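Scroll down for the structure; my scribbles are underneath it.
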Amino acid sequence: MLIDLSLPIIENHWRYSKFHREEASSFSKGDSWQITQFNMASHWFSHIDFPRHTGAEYPDSECFPLDYYNGEASEIDLTRKEGCSNYGYTSDDLERAVKGQSLKKIFLIRSDWALQTSWLSRDFWDESPYMEDDALQWILDRKPNCVAFDFPQDYSIRLLSKRPVAPEEQKSHTLLLRNNILLVEYVTNFNAIGQDTCEFMCLPLKLENIDGSPVRAVAKI
């Protein structure tokens, strides 16, 4: 069974307001083919980050074969009965969540934030839980190949709508991504997986030497 972990790509989202789609040709205009064209940036909607995103000296997509960030994954369940709005996850939270699991090469960090706050709203970013520095260090120490988050994982991400934010302010991007731990951002539905492990598949567009790409991410159970 495949579980779709991707957000829909839609128009008129406040964060991705420059995205639009239109008919390049259509039957309604008398054309012989229906063809849609659209514009897309490499870090919009559900996407993968490669280290090049943070600096010209870091590796791009060509350095990471598909097997590196696809395969066996461990779901790390950080859900909280009291909710997770503005909560900073710590290494203690992670340690409690894994409960002695034998962790796989891919981590799926689950908060179920999208069940509490619509991803269409500004609150999804402005009130999001986030990873404290010690939690990111906990991940780094375990050296996964890839980590996927179902929430905006850096506190400073909420500031992007107000001012430029450098990579150094987004610690997951410096501490993890610059150490070749790839990031899959803005995925969802981890609650539907229902088990500690799954096969995770996340396929970027085959764009050469790219810093990131939209993905269709799924879990196979």
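Some points to look at:
- Restricting the range 18-49 to residues that are polar (S, T, N, Q), more than 29 Å from Tyr69 (Cβ to Cβ) and in a loop (DSSP other than H, G, I, E, B), the residue that is farthest from the chain's Cα centre (by Cα) is Ser32.
- Some residue of the range 190-197 being acidic (Asp, Glu) and within 22 Å of Glu127 (Cβ to Cβ): no
- Residues being in a loop (DSSP other than H, G, I, E, B), among the small types (Gly, Ala, Ser) and in contact (Cβ under 8 Å) with a residue 24 or more places away in the chain - total across the range 125-166: 2
- Put simply, of Leu182, Leu205 the only residue that is touching a strand residue (DSSP E or B) at 6+ places or on another chain (Cβ under 6 Å) and either surrounded by fewer than 16 Cβ atoms within 10 Å (Cβ to Cβ) or modelled with pLDDT under 95 (or both) is Leu205.
- The set of residues in the range 185-202 being in a loop (DSSP other than H, G, I, E, B) and surrounded by fewer than 16 Cβ atoms within 10 Å (Cβ to Cβ) consists of Gly194, Gln195.
- Scanning the range 183-204 for residues that are aromatic (Phe, Trp, Tyr) and farther than 16 Å from Asn145 by Cα turns up Tyr186, Phe190.
- Residue pairs whose Cβ atoms lie under 8 Å apart, separated by 6 or more positions or on different chains, with the first residue in the range 35-54 and exposed (fewer than 13 other Cβ atoms within 10 Å of the Cβ) and the second in a strand (DSSP E or B) and of a type in the set (Ser, Thr, Tyr), are Ile35/Ser25.
The values are calculated or read from the model by the stated rules, or taken from the named source; none is laboratory data. The structure displayed is predicted, hence computed values, not measured ones. A quick note on method: Cβ atoms are made from the backbone with ideal geometry, for glycine too, and the neighbour counts reach across all protein chains shown.
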